[in-house]
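Comments concern the structure below.
Derivation of every value follows stated rules applied to the coordinates shown; laboratory data play no part. As the structure is a computational prediction, the values presented were derived from the model and not from experiment. When we count neighbours, we look across all protein chains shown, and the Cβ atoms used for this are built from the backbone with ideal geometry, even at glycine.
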Amino acid sequence: MNESCNDKHFSLCNILQKAEQEHKLSKNEIVELLKSDGGLLYKSADRTRKQYKDDFVHLRGLIEFSNICRCNCFYCGLRAENSLIDRYRLTENEILDCANIAIDAGYKTIVLQSGEDMFWDSNKICSLIKKIKQKDVAITLSIGERSYEEYKKFKDIGADRFLLRIETTDKNLYKQLHPNMSFENRVQCLWNLKKLGYETGTGCLVGLPNQTIESLANDILFFKELDADMVGIGPLIPHPNTPLKDANKDNFDMALKVMATVRILMPDINIPATTAMESIRENGRIIALNSGANVVMPNFTESEYRKKYEIYPNKICINDSPKKCMNCIKLKIESIGRKISETKGYRKES
Ligand code: SF4
């Protein structure tokens, strides 16, 4: 039993002890963890991270190559109906320039992220993957829902990972927040990605209107059922030009608790300390790294564009150059005694 356990925390300690040993909890037990004040939970997640992932932090170079999107997710500043946003789409050469800066700096993973921008058809995406893969790096795609055949083409030509957050597993809530999208199709996309052998990333938004703690527990159970290789948890940050502009802003602590619980239940996966966390809490990424996270995704999009990739407001570092972000995050990581990994950072490294 942990030394900080006492009568008050007895039941919580028992749940955490079971979670650390078996990496399996019932929905009710997960709900208990999420209702706690988080203190013991964060320590338990940090122990688990150290045991399974050591002190290494994997850096992924993020390139946000288009903010054009056909979807209308209620929480997102890039939604098609937001006419106040200045849209951009990088050219292939511009994307390759960003990727080369990251690769020259020693990054071993390039993350290509965009809205659901169908200008980037499968041939164009394949050409990009092929050119970047000439260098010895892993590629993560985060470009939304595509057909099984397209996912297969990207995988066959060299893509390694794919990020597609489910955002919420509450079907009704999903329908309310995602007009003209299908919950079933999103789930199917995730299973398709797993079947094709991608390292598959998913995750959820924490703080959605009418989202319950039970629903967050279901999200965590879904990540486990999928056997996701990466899970990213984002606190909702209401964007003024979206239907959720008046939603609750205070979502950091619950997001951190969801993230820490995921770490204990899925001990060997990769978990990013998300930029959103740092955008609403000073040093949010470092707090996340000390509560179970082991990945950071510095932005390599040139600052002229990165301020336009406004999924949520007050995003950090929008005026900084890639070089400045890179140095800043490196110092922060080293300041807490962690080490920058020099590997590609797969879930299971051979
Ligand atoms: S969350 Fe993604 S799919 Fe939805 S509007 Fe934003 S960029 Fe588009």
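Within the set Thr91, Thr48, the sole residue that is polar (S, T, N, Q), under 17 Å from Glu304 (Cα atoms) and more than 16 Å from the ligand (Cβ to nearest atom) turns out to be Thr91. Hey, can you tell me all the residues within the range 26-64 that are touching a Lys or Arg at 6+ places or on another chain (Cβ under 7 Å), within 22 Å of Ala102 (Cβ to Cβ) and surrounded by 23 or more Cβ atoms within 10 Å (Cβ to Cβ)? If the condition is that a residue be touching a Lys or Arg at 6+ places or on another chain (Cβ under 7 Å), within 22 Å of Ala102 (Cβ to Cβ) and surrounded by 23 or more Cβ atoms within 10 Å (Cβ to Cβ), then Val57, Glu64 are the ones that fit. Scanning the range 70-81 for any residue that is more than 13 Å from the ligand (Cβ to nearest atom) and either aromatic (Phe, Trp, Tyr) or more than 30 Å from His23 (Cα to Cα) (or both) turns up nothing. Evaluate the following for Ile68: is it in contact with a Lys or Arg (Cβ under 6 Å, 6 or more places away or on another chain) and either assigned to a helix (DSSP H, G or I) or touching a residue at least 24 places away in the same chain (Cβ under 8 Å) (or both)? Yes. Across the range 185-205, the number of residues qualifying as surrounded by fewer than 17 Cβ atoms within 10 Å (Cβ to Cβ) and either free of Cβ contacts under 8 Å to residues at least 24 places away in the same chain or of a type in the set (S, T, N, Q) (or both) comes to 3. Looking across the range 103-157 at every residue that is in contact with a Gly (Cβ under 9 Å, 6 or more places away or on another chain), within 16 Å of the ligand (Cβ to nearest atom) and part of a loop (DSSP other than H, G, I, E, B), the one that is farthest from His58 (Cα to Cα) is identified as Asp117.
Having 2 or more residues that are within 30 Å of Ile101 (Cα to Cα) is the bar; report the helices (runs of 4 or more DSSP H) wholly within the range 206-325 that clear it.
Once the helices (runs of 4 or more DSSP H) in the range 206-325 are filtered for at least 2 residues that are within 30 Å of Ile101 (Cα to Cα), what remains is 275-280, 284-289, 303-306.
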